[in-house]
Every structure is written in C-alpha cells, then in structure tokens.
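See structure below.
The values are calculated or read from the model by the stated rules, or taken from the named source; none is laboratory data. Remember, predicted model here, so these are calculated numbers, not experimental data. Every residue, glycine among them, receives a Cβ derived from its backbone with ideal geometry; neighbour counts consider all protein chains shown.
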Amino acid sequence: MKRFLSAVAARLLETRSTLLVLLVCAAWLAMLAGARSLMLPDEGRYIGVAWAMLRSGDWLTPTLDGLPYFHKPPLFYWLTGLALQLFGVNEWAGRLASVFGALLAVGGLFFFVRRYAGERPATLAAAVLVTQPMFFAGAQYANLDMLVAGMISATIVCAAHAILRLDSGRSYRPALAAAYVFAALGVLAKGLIGIVLPGAIVLAWLLLRGRYRLIPALLALPMIGLFVAVAAPWFVWMQISYHGFWDYFFVYHHFQRFAHTGFSNAQPFWFYLPVLFLGTLPWAPWIWRACAWKYLVDPEKVEIRSLMLVWMLGILVFFSLPNSKLVGYILPALPPLAFLIADGFLDWRQKRQAERAAKPELREQGADASLYLGASLVGGGVLCVVFITLVAVFDSTSTRSLSRQVAPLYSPDEQMVMIDEYEYDLPFYLRPEKDVWVVSDWQDTAAIAARDNWRKELYDAGQFDSAKMREVLLLPGEFVARLCAYTGASLWLWGKTAQAQRYSFLPAEAIAFANARRTVWRLDAEQRRRLKDCQPTPPAG
C-alpha cells in the first residue's frame, strides 16, 4: 500500500501535460453527475426552469410553472437548456452547467499558478481542488453556486494576470478584457456578486501590494463598455417587458435579502470555518502549514500567496456577514484554498528533503512526504465518491421513482394538479404539455411572505403575470369548480400522503399510486361526474 500511495504521488508530481491534467479533471468531475435523481428543491427548480425554456422556445424569460421567475438571472438556464438539447433530457445533462463552472475554476487556477508559481504547484493545486469533497459535490449539484464560483475565479485570475503584466510594462488588455467578460457572465450567473466580489478582492490585493497607481488603467472606459455590453441587455429587456423587475431583482433580492434576518438557514458568524475544515478533508490539516507567517511573506512567492490569501478571506468574510448562510456560498473560496494547501505542502516537502539531505540520520525517520500526498489524494477521492453514493441512496425528496410508475399511464396532454406542494422536478420527469395547477391558500399573503419557500416563489412570480397566475394558482374552492368543468380524458392529482384525509372528496378507488411521501390520484371523466361536488344542484321545489 505504501508503494502504491507513493507511486500515485510521484505520477501526479511528474505530470507535465496540461491537456492530460484538464481532461482527467473533467472526466472526474462529470463521472457521477448522472448517478442520482434530482434533489429538491434546488435541482428540480433550476433544471425545471431550464427545461421550460427549452420546451417553450422562449430563451429570454425564465418561468416557473409558466410564471416569470426572476429570483436569479438566466446564464445557468441557458447553459442547462443547451446541454439538455445536446445530450437529452436527463440528470447528467442537467448538471453540466455546474460541471462547467467547476472546470472553469480548476482551469483558471491551473493556468494562473503554472504561469506564476510553476508546473508542479499548478498540477497539485488542481488535484487538491477536485478531490475536496465540498468542491466535488458542488460540481455534481445543479444550482447556481458552482457556476458563479467558476466565473468569480476566472475573473480574479484574469484580472491578477492583467495587473502583473501591466506592472511590468507588458501587454495587459486581452487579459483585462477577459476579466471584464467573466465578470459580466458572473452577473448573468447570479447577480451583482459576479462583479462586486472579484472587484473587491482585486482592489484589496492592489492596495495591499501598493499598486493603487494602476487603478485608472484597470477602469478604462472601453473595458467598462465591454462589461455593460455583455451584462446589461438581458436586464434592460426584462425591465422593459416586466415593470418593477429591477426593484424586485436588485433591491429586494440583493440588498434587502443580504441585510434581512428572516430568510432561511440562519447561522452564526463563524459558520463557514468548520464548513471549510470538514469540506476540504483530508486536505484540511495542511491549511495550518499555509498560515505560517514565514510562508506568507516569502519574497519569491509573496505575489501569488498574498493574492490567494486575500481571495480566500474576502469570500469568507463577505458571506459570513449576512444572517442567512448556505454551504454553496463559500465555493469561490475553495480554489485559493487549494493553492495554499498545495503550495504549503510542496514548501514543507522541499524543506523536509533538504533536512534529510543535510542529515543522513533523518532519512529513515518518519514517513516520506510522497506517502502523505498519495494518501490524501486517494482518501479525498474515496470521500468524494462515498458522499455522492450516500446522497443517491438516502435522498428521498425526488419524485423520480413515483413518476416512473405514473409515466406508462400518463399522457402529456392531460392536466396535472399539485395540492399544497409544488413538486419542482415533476415537469422534468413527466414533461406535461400544460402548466400545472397548484392548489393552496393563495389569499394568506402574510403566511406566504413569512416563509421563503415554494409558495412564496410562485406567488412572487405571479405578480409579474396576473392572468397566468389566475390560470395556474388556484384556491381550494376554485379547484373544485375547475375539476368539475375539466373536459379532458384524465386529470392527475399529486398530494402529500400524510394529509390525504384532507382530500376526502376524492374517491379512494381513484388512487393510482402512493408511497410514504406522496399520493397520486387519477380521475377520469366518469369518476369526476360521480363526485358529490360535481353533481348538479336540483331545482327548488
């Protein structure tokens, strides 16, 4: 085993092929992307919106159950819709946008580190990054966090490359233009953090290194114009098409949500410290090596090390400030952390080899550094696979299993109804031609506003299209009337098994499928006519 682990480490450190490194990283990150069903709510929601774009042919307006959905900008939906079109409607294609974001982060880190620190630190940094369980899981999870993390990473490394070239009197504009384009794509991926976060990090690094004189050149009007040309058109068009869009998207979803304390997953300020430690196992112990003062101020590598430290701390502090914290927010901090771990390990390895060369009596003491490296690589890879496997086995949120039972009897032109729950992934698995009717108490606006969940998302979306809202969001009384008036062949209803007694007007023989979480009713025309609520009222007398 020791020989195997040492051979793994030696093979990694001797690799000189850039293409091989990137291909292995791509294959590794994409390998298990289709191994499990969609998790709810995030994966079902975001892939469902992308599928709706592909189905409708409207690539400008994101919709959730036919309603304009403006919680997030469209880049993830565009990339996911394209992947679904190219590779088919399946979970693997639905997660490729996240895989792409991860590869962008890996590639940006690799090329920058190779240019300014060398081949070996670049290769090891890429290996450390892709074998961190949190990064690997982020690449396998279809939401916007990994995509914007990739854009932020690419923006920072391109801007830093431009700065270093500008400071040495070399051509810098292509790299700076790339930074502005990636920043614009970051805004299209998740909003203002796409420019605010990398801009703040690069500015802090400039000031720390005393390069404030370069700021005017970095803020050249042509570059700002390039950023606006890429980022602004979609936002302008949505404001023209939907009055109040800017206020809802920027004021509410950026500033108010950042400062508000009532949104989901409230956590203490220090929440991300244990998250980073646990999420980067088995590499986490090497973090302390990178925190040594002599390591950070080494004049040979102070440029890149200071950038990575500012980058990591900037992300960590920014997302620690708001009360609401989600694990995925911290993903942009993982690339610089991977470099600090890799570079710290190589620094330790070099000093250990020098000590052993100077003192022959130390050669037989302690394990070889390659053994530590090989064990960490293999251990990290195993943890990544085990984590995804456990999620696939124990996650029970998806409707995939029940949908597969329904599919042979279901016709896409039949009406689907959801009662007191919106199953985000159901349209993805059953692909109905009509938008789903969602039955709930939509008049209880106080309760809707108090919880950041599916009801609030649909209700907020309905404010941008009141006619469509009346069509798909039904009160219980409206649903009964709609059910009786329905003229199609069959009508399918999805509800919670634990609350099935609330739907006593539905005959027991209409239950088509059920499991511990969900019950599915199928009402044909004859069953609907026999419903008590659908019987005509006899005339008086």
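Being of a type in the set (D, E), free of Cβ contacts under 8 Å to residues at least 24 places away in the same chain and farther than 25 Å from S241 by Cα is a condition met by no residue of the range 411-423.
Looking only at residues of the range 40-49 that are aliphatic (A, V, I, L, M) and modelled with pLDDT of 95 or more, we find that the one that is surrounded by the fewest Cβ atoms within 10 Å (Cβ to Cβ) is V49.
Considering each residue of the range 267-288 in turn, none proves to be in contact with a Pro (Cβ under 6 Å, 6 or more places away or on another chain), among the aliphatic types (A, V, I, L, M) and surrounded by 17 or more Cβ atoms within 10 Å (Cβ to Cβ). Could you tell me whether any residue of the range 12-34 is in a helix (DSSP H, G or I) and among the basic types (K, R)? Scanning the range 12-34 turns up no residue that is in a helix (DSSP H, G or I) and among the basic types (K, R). The set of residues in the range 40-86 that are more than 17 Å from D435 (Cβ to Cβ), assigned to a loop (DSSP other than H, G, I, E, B) and without any contact (Cβ under 8 Å) to a residue 24 or more places away in the chain contains only W59. Apart from one condition, Y116 fits all of (1) in the same structural domain as W311 (by TED's automatic domain parsing); (2) buried (at least 24 other Cβ atoms within 10 Å of the Cβ); (3) of a type in the set (F, W, Y); the exception is (2).
In the set (1) closer than 17 Å to I304 by Cβ; (2) at pLDDT below 95, Y212 fails one condition alone, (1).
Is there a residue in the range 381-399 that is under 13 Å from Q132 (Cα atoms) and either of a type in the set (S, T, Y) or touching a Ser or Thr at 6+ places or on another chain (Cβ under 6 Å) (or both)?
Within the range 381-399 (the criterion being under 13 Å from Q132 (Cα atoms) and either of a type in the set (S, T, Y) or touching a Ser or Thr at 6+ places or on another chain (Cβ under 6 Å) (or both)), the answer is yes, since at least one residue qualifies.
The single condition among (1) in contact with an Asp or Glu (Cβ under 8 Å, 6 or more places away or on another chain); (2) surrounded by fewer than 18 Cβ atoms within 10 Å (Cβ to Cβ) that K301 does not meet is (2). Considering (1) out of contact with any Pro (no Cβ under 9 Å at 6 or more places or on another chain); (2) modelled with pLDDT under 95; (3) among the hydrophobic types (A, V, I, L, M, F, W, C), the lone condition that I419 does not fulfil carries the number (1).
Scanning the range 55-88 for residues being closer than 25 Å to L29 by Cα and modelled with pLDDT of 95 or more gives a total of 16.
A search for C-beta distances below 8 Å between a residue of the range 1-30 that is over 23 Å from A137 (Cα atoms) and any residue that is basic (K, R) and modelled with pLDDT of 80 or more, counting only pairs 6+ apart in sequence or on different chains, returns L13/R120; T18/R114. Would you be able to say whether some residue in the range 492-515 is among the charged types (D, E, K, R), buried (at least 19 other Cβ atoms within 10 Å of the Cβ) and closer than 30 Å to S324 by Cα? No, the conditions are met nowhere in the range 492-515. Filtered by the rule that a residue be over 18 Å from V130 (Cβ atoms) and over 19 Å from the mean Cα position of the chain (by Cα), the range 15-60 gives R16, L54, R55, S56, G57, D58, W59, L60.
Residues are listed down the side, and each one gets a yes or a no for (1) out of contact with any helix residue (DSSP H, G or I) (no Cβ under 7 Å at 6 or more places or on another chain); (2) without any contact (Cβ under 8 Å) to a residue 60 or more places away in the chain:
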| residue | (1), (2) |
| --- | --- |
| K190 | no, no |
| W205 | no, no |
| Y212 | no, yes |
| L221 | yes, yes |
| V230 | no, yes |
| P233 | yes, yes |
| M238 | no, no |
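One residue alone among V89, V99, V106, V113 is outside any helix (DSSP H, G or I) and either of a type in the set (A, V, I, L, M) or in contact (Cβ under 8 Å) with a residue 60 or more places away in the chain (or both), and that residue is V89.
Here is a yes/no grid of residues against (1) surrounded by fewer than 22 Cβ atoms within 10 Å (Cβ to Cβ); (2) among the hydrophobic types (A, V, I, L, M, F, W, C); (3) on the phi < 0 side of the Ramachandran plot:
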residue	(1), (2), (3)
L103	yes, yes, yes
A122	no, yes, yes
A127	no, yes, yes
A160	no, yes, yes
R165	yes, no, yes
G194	no, no, yes
L197	no, yes, yes
L203	yes, yes, yes
